[in-house]
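Q: This is the structure, below, for whatever I ask next.
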2 protein chains.
Amino acid sequence: MEIIDEVGEKGVIERRFTLTSGEELVPGIQWLPESVTVPRPTILIGHGGTQHKRVPNVLGLARKLVRTGGFGVVALDAPGHGDRMTPEQKKAQSELLARRTGERLSPLSEERLRAMASAATSAVSEWKALLDDFGNDPKWASGPFGYWGVSMGTAFGLPLLATERRITAAVLGLSALHGDGVRQTEQASAIEIPLLFLFQWDDELMNREGGLALWDAFGSKEKTMHINPGPHVGIPLFEREAAVAFFKRHLDEE
Amino acid sequence: MEIIDEVGEKGVIERRFTLTSGEELVPGIQWLPESVTVPRPTILIGHGGTQHKRVPNVLGLARKLVRTGGFGVVALDAPGHGDRMTPEQKKAQSELLARRTGERLSPLSEERLRAMASAATSAVSEWKALLDDFGNDPKWASGPFGYWGVSMGTAFGLPLLATERRITAAVLGLSALHGDGVRQTEQASAIEIPLLFLFQWDDELMNREGGLALWDAFGSKEKTMHINPGPHVGIPLFEREAAVAFFKRHLDEE
């Protein structure tokens, strides 16, 4: 890992870095409390589809976690997102975003679901490479580690959390069993850490029964589902406070 | 209202009182922060069936609301509960409790549902009488007011909140549409205040679809449903923290 740049603002250090994962160079950001010198638990944030490591909702959540939770936070650009987009991908994304009607998103095509499944393998390797680097140099983070990721962040979070024991608490959501649901169910049942699962009751991309079934499938003894009214992009801001309280309960007491 | 007794313990004043509602004398308890002299928002707690104003979960929640939220709290013995039980009611309740198998409760009979519906009218009058008395003497509480009540506390909370505008935020739960659900749906749709609705996924008394449908029926713009695994009596303790955060958000900002 290589630090590119570091700035401090209103109590939060924002450090840009590049992670090497196999042959991939992955751009990332770490946020840290300015005033804390001892190692703190760190939350990994997996952004949503078409987003990147510093979209407003990731940045807002990261600053909230740092300021009110005292946590460290890390976000990476997912494969094919943010600074990792090819010109073709940028064009395809512009077209996708142009198809939006108001605040509601168009349904996920089979093609997009396949592309996401294929990107998941790389995304999982990259998060693991990040945790390896953290383990090799405690100046970055010493754990315990949490994960926050909804929508595509959950599509990638399922295979990550099903196989990665260094992450011990997670916030997931905006996701539902789709197709035959077999693979998602297998991954979910292999996940046994405490979970907070956020769901939007009027989600135009995910159906209610599939969302409830995915939450039900997790192997975790502690798992809470928070349902709010509204569309896919519309989780209430107060769920950030709930995430801070959740991570405090699980990562601060270890 | 008449104060019977007042003691302080670990930062919490506990004041026993008797409320007069029509011809009924209703025993109640008020909990207050010892160190706060200005009027604070007050939460009314409606206990569950077979319980009373000072069962461990009411007392624990009340102390949490006082200590970490700085709120005032009031609980009343519901009609036919606590110090208001006749010898016949005590006998019937002992028999009911004896039928419990482990931690799971026996299904609510039609007779119990009818008795609860009939008690609701008195319970609603008594909460309104309490708010009237508070309004007449600000040494007790000056509002704003919240309500916390699950199971029977929601059976009584629905008709209360549907008609009582002095209560501006509520935590409900452990309840589901039953029978034709028409009356509950009418009451729920008349309730438009911010709500937190707690539900147990393996509730032996309330079915899942009916619980989701009840939450869906509320007229509130802000309504969040928290679902946890486990039986009717088994809401996780961390939901107390969620209730404190919820009331802080809605009652402290007014």
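Values in this text are rule-based calculations from the coordinates and carry no lab data. Computed from a predicted model, the values in this text were never measured in an experiment. As a convention, Cβ positions derive from the backbone with ideal geometry for all residues, glycine included, and neighbour counts pool all protein chains shown.
Q: Per-residue counts of other Cβ atoms within 10 Å, averaged by peptide: what ranking do you get for A:148-154, B:77-83, B:208-214, B:133-139, highest first? Write out the running numbers ahead of the final one.
A: On the way: A:148-154: 27.4, B:77-83: 20.9, B:208-214: 18.3, B:133-139: 12.6.
Highest to lowest by the protection proxy: A:148-154, B:77-83, B:208-214, B:133-139.
Q: Another question, then. Counting only helical runs of four or more DSSP H residues, what would the 222 nm mean residue ellipticity of chain B come to if each run contributes -39,500 (n - 2.57) and the total is spread over all its residues?
A: So the helix-based figure for chain B works out to -12500 deg cm²/dmol.
Q: For residue B:10, project a label point 7 Å along Cα to C-beta. Then give me every residue of the stretch B:27-62 with its amide nitrogen under 19 Å of that point.
A: B:30-36, B:54-62
Q: How long are the semi-axes of the ellipsoid equivalent to chain B, from square roots of 5 times the Cα gyration tensor eigenvalues, in whole Å, largest first?
A: Working: eigenvalues 138, 93, 64 Å².
Equivalent ellipsoid of chain B: 26, 22, 18 Å, largest first.
Q: For the stretch B:2-251, build the charge dipole from Cβ charges (+1 Lys, Arg; -1 Asp, Glu) around the Cα centre, then report which of B:220, B:69, B:89 sits farthest towards its positive end.
A: B:69
Q: Can you pull a Stokes-Einstein diffusion coefficient for the stretch B:16-91 at 25 °C (0.890 mPa s), Rh from Kirkwood over Cα pairs, as a whole number of µm²/s?
A: It diffuses with D of about 186 µm²/s by this estimate.
Q: Where does each of B:195-203, B:121-129 land if you order them by average Cβ count within 10 Å, highest first?
A: With the highest mean Cβ count within 10 Å placed first, the list reads B:195-203, B:121-129.
Q: Can you tell me which aspartates and glutamates have their Cα less than 13 Å from the Cα of residue A:10? Leave out same-chain residues fewer than eight positions away.
A: Within the straight-line cut-off, residue A:10 pairs with A:34.
Q: Okay, next question. I want to check the label-to-label distance for residue A:24 and residue B:183. Put each point 7 Å from Cα in the C-beta direction and report it in nm to one decimal.
A: 5.9 nm
Q: Another one. Antiparallel DSSP bridges in the stretch B:2-251: what percent, to the nearest 5?
A: Here the share of antiparallel DSSP bridges comes out near 50 percent.
Q: Please compute the average number of Cβ atoms from other chains found within 10 Å of each residue's Cβ in peptide B:199-210.
A: 1
Q: For the protein assembly as shown, with equal point scatterers placed on the C-alpha atoms only and solvent neglected, what are the log10 I(q)/I(0) values from the Debye formula at q = 0.09, 0.12, 0.13 1/Å, to two decimals?
A: Here the Debye-derived log intensity ratios amount to -0.70, -1.09, -1.22.
Q: In addition: Given a cut-off of under 8 Å on Cα pairs at least six residues apart, what relative contact order in percent is computed for chain B? If you can, show how the numbers build up before the last one.
A: Details: 478 pairs, mean separation 43.8, N = 254.
Relative contact order here is 17 percent.
Q: Moving on. Bin width 5 Å, alpha-carbon pairs only: give the P(r) of the stretch B:123-254 as whole percents, running from 0 to the bin holding the largest distance.
A: Calculated P(r), rounded to whole percents: 2, 11, 21, 23, 20, 14, 7, 3, 1.
Q: For peptide A:217-224, what's the mean number of Cβ atoms from other chains within 10 Å of each residue's Cβ? Mind dumping the intermediate values first?
A: Values: counts 0, 1, 0, 1, 2, 4, 4, 10.
Other-chain Cβ atoms within 10 Å of each residue's Cβ, averaged: 3.
Q: From the Cα gyration tensor of the stretch B:66-191, with a ≥ b ≥ c the square roots of its eigenvalues, which class applies: rounded if a/c is under 1.5, or else prolate if a/b is larger than b/c, or else oblate? If you can, show how the numbers build up before the last one.
A: Working: a/c = 1.84, a/b = 1.43, b/c = 1.29.
Prolate.
Q: Going by average Cβ neighbours within 10 Å, how do the peptides A:84-92, A:39-47 rank, with the highest at the top? Before the final figure, lay out the partial values.
A: Numbers: A:84-92: 12.3, A:39-47: 24.2.
The most tightly packed comes first, giving A:39-47, A:84-92.
Q: Pairs A:90/A:128; A:128/B:64; A:223/B:64; A:91/A:223: which exceed 31 Å Cα-Cα?
A: Over 31 Å Cα-Cα: A:128/B:64; A:91/A:223.
Q: Between residue A:249 and residue A:128, what length in nm is gained on full extension when 0.36 nm per residue of separation is reduced by their alpha carbon distance?
A: Roughly 41.2 nm would be gained on extension.
Q: If you count, for every residue in B:225-231, the Cβ atoms of partner chains within 10 Å of its Cβ, what is the mean?
A: 5
Q: Right, something else. Can you name the helices of chain A, as whole DSSP H runs, whose Cα span along the helix axis is 15 Å or more and whose Kyte-Doolittle mean is not below 0.5?
A: Details: long enough: A:56-69 (18 Å, 0.15); A:87-98 (17 Å, -1.08); A:110-136 (39 Å, -0.27); A:152-163 (18 Å, 1.33); A:238-251 (20 Å, -0.09).
Answer set is A:152-163.
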